[in-house]
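In what follows, a structure is listed as structure tokens, so that the remarks can point back to it.
The values are calculated or read from the model by the stated rules, or taken from the named source; none is laboratory data. Just so it is clear, the structure is predicted and the values come from calculations on it, not from any experiment. Please note: Cβ atoms are built from the backbone with ideal geometry, for glycine as well, and neighbour counts cover all protein chains shown. Calculation scope for accessible area: heavy atoms of the full protein, side chains included, ligands and nucleic acids excluded. Shrake-Rupley method; radii C 1.70, N 1.55, O 1.52, S 1.80 Å.
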Amino acid sequence: MRAHRSPLAVVGGVVPYVVSVGVAFAAAGIFLAVMGFDVPRAYGTILLTSFRTANGFVQTLLKFVPLLLLAMAFTVPLAAWKFNIGGEGQLIAGAIGAAAVGIALAALPRAALLPALLLAGVVGGALWAGVPAWLLYRFGINEILTTVLMNFVSFSLLDYVTTEVWPDPAAGHPTSVSIGAGGHLPLLVSSPPLHAGLLLALGVAAATYVYVNHTAAGYELRAVGANPRAALLHGIAVRRLFLLSLVLGGALAGLAGAVEVAGVHHRLIEGLQSNYLLLSILIGLIAKGNVLAVPFVAFAIAVLDVGARAMQRTMLIPGEVVFVVEGLILVFVLLSDVVRRR
Amino acid sequence: METAVTFARLVMLTLVPYVLAGQGTMLAGRAGVFNVAQEGIMLVGASVGFLGAYLSGGNLLQGMLLAMAVGGLFGLALAYFTTTLKMDQFVTGLALFFIGMALSTLLYRLAIGVTLTPPLIPTLRELPLPGLSRIPLLGVVLFRQNALVYGAVLLSLALYLFLYSSGSGMALRAVGENPMAADSLGVNVNLTRYLTTVTGAMLMGLAGAYLPMVYTATFTEGMVRGRGWLSIALTFFGGWSPHLIFLGALFFAAVEVLAFRVQVTGVGIPYQLILMLPYLATMAVMMPTFRRLQVPAFLGKNYDRERRALL
């Protein structure tokens, strides 16, 4: 956003986060202590699981990849002040598109199959977001509503595809047959396996940052978000930009779906969207729509998520505690803006 | 005839969460606060409503009151953040949605833990109205229902009368249409927004509590299944008016019952496609209607009294 930031301003921007995180953890800690749990050990597990072993770190990176892409899918439309709550559906549509290519063209060599599969994911996500985008463009229908409604449609579609179209009869859970080996993302590290989707996601995130913050088109996007009326008066095609921002978001979420299929599952599995949508909205809001901050927040959230699961396994404390901590962090971060405005 | 009566009866039964959440959304919106946390508030309502009933040995009333109280707290938070602190309504709403969703599962896990068989509560009893329930056909559909079905109908009626034929109802509408004018006429804009947002959220909490108490007898993660979001859609094409929201809720309930029935009986269409129906139908209905809908002019905008300006 602002091109020239003094180091002091950057520090000033970080302080509210540190305070927010501290207060949120303290509040949840008091709650847990009252419930009779061992708080220091619980927090130790949450914060350190990702860094103690190679396995834990790779787990975190694998979570970071979809979170980063989905948080970008929320943040890009947010620059135009459009709310994309449909990342989950777009991820699923991307995953289905990728799997369709991976299954139908399984015989193709990797050089052809992998790019086609990733592209199919991007297109699937863009088309899925295209429906609410078009409804907004053509009829002015509020996108918060339609993007979220499309999520529920996608759950049923995924169930249908995995049980009726390409079912794997051997699996107990609704699951499709596998994609061709040529559609697998190459591994960066083989044990524990870490796929190259990490580099892809980081590259795409960097490109998105450049697009939003350092191009004329991105400037228009932000201008529309800041003041749609003024933007309209300056001759920016506001409605078309709304459409574009949502479709771009959908493309990013669709890519996340394709990466999950090509890198992690190698097939469609019901529930592959996990709770990424909620977390990605959280990341986007904590980052306050700043594209540059998104990767850092996404990584922190991935650390918390992996840690929470470990804590639930070893200490039988419900992992949802972390959600509440995250919710509190968000509230405090938002409040810090109010404090500074005064 | 038999199936038509059963269908109509089920529609009335299914109507309740839509009416409660829709009217709650309308009430806050009429004062200019656009609540988008319905789904989260309903989930918390479902969770604490269930827990309140379960832990008190099956006292459903206690569960409902608890759900309303917790819902009200969410409303209070939304009102404080937006009305007093002037924070963005969508951002705050999404944050509360997140917290509600997280809290619903957390509270359930802490209170119940992981069990092999789900803990159950009694479901809401039928309360046949004396005399009226004997009317052929109509009696079965309308007057042999649980208390909240009657409550939902009465609430809609009361809200209609309140909004359109009482002074405070008119003042409330003025706050959402033009807070500056309302303010200069002596209407307390902030107080109105607090009251309607809290009351609206209490209704959403109750709407959530209805689900375990009528449908499942237990709490399951994410059991609201988009009904909170659908209630926003409902409020929009109910034109932010109580009577039209009630009619819209009839439509939503009918689609939901239809989807469920087809899913159970199976008519050659894959059930997954049937399950998409409520969401697709909602979008289809909005297409021709959305532009012509009456929306409170200052919906989603905050009002700064000192500067007499909108934020």
>> Sorting check: for A:276-283, A:105-112, which peptide has the highest mean count of neighbouring beta carbons within 10 Å, and how do the rest follow?
In response: A:276-283, A:105-112
> At a 1.4 Å probe radius, carbon and sulfur cover how many percent of the accessible area of chain A?
Replying inline: 70
> With every protein chain present, what is the per residue accessible area of chain B (1.4 Å probe, Å²)?
Replying inline: 40
>> For a Förster distance of 51 Å, can you work out the FRET efficiency between the beta-carbons of B:THR289 and A:ASP38, rounded to the nearest 0.05?
In response: 0.35
>> Per residue, how large is the accessible surface of region A:271-319? Use a 1.4 angstrom probe and give square angstrom.
In response: 31
> Could you give the length gained on full extension between B:THR220 and B:THR123, defined as 0.36 nm per residue of separation minus the Cα-Cα distance, in nm?
Replying inline: 33.4 nm
>> Multiplying the sequence separation of B:ASP304 and B:ALA4 by 0.36 nm and subtracting their Cα-Cα distance, what value in nm do you get?
In response: 102.7 nm
> If we count every other residue with Cβ under 12 angstrom of A:ILE317's Cβ, Lys/Arg +1 and Asp/Glu -1, where does the sum land?
Replying inline: +2
> Looking at the square roots a ≥ b ≥ c of the eigenvalues of the Cα gyration tensor of the protein assembly as shown, which shape do they give, rounded for a/c under 1.5, prolate if a/b is larger than b/c, or oblate?
Replying inline: rounded
> All other residues with a Cβ under 14 Å from the Cβ of A:PHE64 taken together, and with Lys, Arg as +1 and Asp, Glu as -1, what is their net charge?
Replying inline: -1
> So what's the angle, to the nearest 10 degrees on a 0 to 90 scale, between helix B:271-289 and the longest Cα principal axis of chain B?
Replying inline: 30
> Considering only B:VAL16, B:MET101, A:LEU241, whose Cα is most displaced toward the positive end of the charge dipole of the protein assembly as shown, charges sitting on Cβ of Lys, Arg (+1) and Asp, Glu (-1)?
Replying inline: A:LEU241
> Between B:THR6, B:VAL36, B:LEU244, whose Cα lies farthest towards the positive end of the dipole of chain B when Lys and Arg beta carbons carry +1 and Asp and Glu beta carbons carry -1, centred on the Cα centre?
Replying inline: B:LEU244
> Picking from B:MET213, B:ALA158, B:ASN190, whose Cα lies most toward the positive end of the charge dipole for region B:107-227 (charges on Cβ: Lys, Arg +1; Asp, Glu -1)?
Replying inline: B:MET213
> Which value, in debye to the nearest 20, gives the size of the charge dipole of the protein assembly as shown about its Cα centre, when Lys and Arg are +1 and Asp and Glu are -1 at the Cβ?
Replying inline: 1240
> Total accessible area buried between chains B and A, 1.4 Å probe, in Å² to the nearest 100?
Replying inline: 4100
> Between region B:66-90 and region A:238-285, what's the alpha-carbon centroid distance in Å?
Replying inline: 29
> Taking Cα atoms, how many degrees apart are the long axis of helix B:60-79 and the longest axis of chain B, rounded to 10 and kept between 0 and 90?
Replying inline: 30
> What do you reckon, how do B:VAL175, A:VAL297 stack up by accessible area (1.4 Å probe), largest on top?
Replying inline: A:VAL297, B:VAL175
>> As an exercise, use a Förster radius of 56 Å and the Cβ-Cβ distance of B:ILE269 and A:VAL11 to find the FRET efficiency, rounded to the nearest 0.05.
In response: 0.40
> What percentages, rounded to whole numbers, describe P(r) for region A:205-342 computed over all alpha carbon pairs with 5 Å bin width beginning at zero?
Replying inline: 2, 8, 13, 17, 17, 17, 12, 7, 4, 2, 1, 0
>> I want the local charge near A:LEU244. Using Cβ-Cβ distances under 14 Å, sum +1 for each Lys or Arg and -1 for each Asp or Glu among the other residues.
In response: +2
>> Given Cβ point charges of +1 (Lys, Arg) and -1 (Asp, Glu) and nothing else, what value in debye, to the nearest 20, does the dipole of chain A about its Cα centre take?
In response: 1080
> Within 10 Å of each Cβ of A:148-161, how many other protein chain Cβ atoms are there on average?
Replying inline: 6
>> Less than 18 Å apart at the alpha-carbon level, and either on another chain or at least 8 residues along: which aspartates and glutamates does that give for A:LYS288?
In response: A:GLU326, A:ASP337, B:ASP88
> Across peptide A:273-284, how many C-beta atoms of other chains are within 10 Å of each residue C-beta, on average?
Replying inline: 2
> Please identify the trypsin sites (Lys or Arg not before Pro) of region B:139-197 that satisfy two criteria: DSSP loop assignment and at most 12 other Cβ atoms within 10 Å. Which are they?
Replying inline: none
> Using the per-residue mean of other Cβ atoms lying within 10 Å as a proxy for protection, in what order, highest first, do the peptides B:60-73, A:169-182 fall?
Replying inline: B:60-73, A:169-182
>> At a 10 angstrom cut-off on C-beta neighbours, averaged per residue, how do the peptides B:14-26, B:126-138 rank from highest to lowest?
In response: B:14-26, B:126-138
>> Need one value for B:87-99: mean number of C-beta atoms belonging to other chains within 10 Å of its residues' C-beta atoms.
In response: 6
>> Using amide H atoms built in the peptide plane, which far-off residues or other-chain residues are under 5 Å from A:LEU194 H to H?
In response: A:LEU188, A:VAL189
> Does chain A classify as rounded, prolate or oblate by the C-alpha gyration tensor (a ≥ b ≥ c root eigenvalues; a/c under 1.5 gives rounded; else a/b over b/c gives prolate, otherwise oblate)?
Replying inline: oblate
>> If you count only protein heavy atoms and use a 1.4 Å probe, how large is the accessible surface of A:ILE144, to the nearest 10 Å²?
In response: 10
